[in-house]
Amino acid sequence: MKKKRKTTARTEADRVHPPEWWEERERVQRMLAERIAYHEARIAARERGENPDAATA
């Protein structure tokens, strides 16, 4: 039988991310949302038969 690894007791404060982490996460989420919107606009333009490059200008 394997020995169980002893874990250190974590407090609630250890699990909470610092404000800098949340700011970076929000920045990345905004960037990803912009990229998704960009590609969705290109796909929609292509489906309408338009030039996809003109839709994003």
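Between 0 and 90 degrees, the angle of helix 19-48 with respect to the longest Cα principal axis of the chain falls at about 30 degrees.
For the chain, the solvent-accessible area works out to 103 Å² per residue, with a probe of 1.4 Å and every protein chain left in place.
For the chain, the 222 nm mean residue ellipticity estimated from helices alone, with every DSSP H stretch of n ≥ 4 adding -39500 (n - 2.57) and the total spread over all residues, rounds to -21000 deg cm²/dmol.
Report, to the nearest whole %, how much of the accessible area of segment 10-52 belongs to carbon and sulfur atoms, 1.4 Å probe, protein only.
Of all accessible area on segment 10-52, carbon and sulfur atoms account for 53 percent.
Computed over the chain with a Gaussian network model linking Cα atoms closer than 10 Å, the most mobile of Arg46, Arg25, Arg15 is Arg15.
Which shape class applies to the chain: rounded if a/c is under 1.5, otherwise prolate when a/b exceeds b/c and oblate if not, where a ≥ b ≥ c are the square roots of the Cα gyration tensor eigenvalues? Before the final figure, lay out each step's value.
Values: a/c = 7.91, a/b = 2.70, b/c = 2.93.
Oblate, since a/c reaches 1.5 and b/c is not below a/b.
The values are calculated or read from the model by the stated rules, or taken from the named source; none is laboratory data. Keep in mind that what you see is a predicted model, and the values were worked out from it rather than measured. When the accessible area is computed, the model is the full protein with side chains, heavy atoms only, and any ligands, DNA or RNA have been set aside. Shrake-Rupley method; radii C 1.70, N 1.55, O 1.52, S 1.80 Å.
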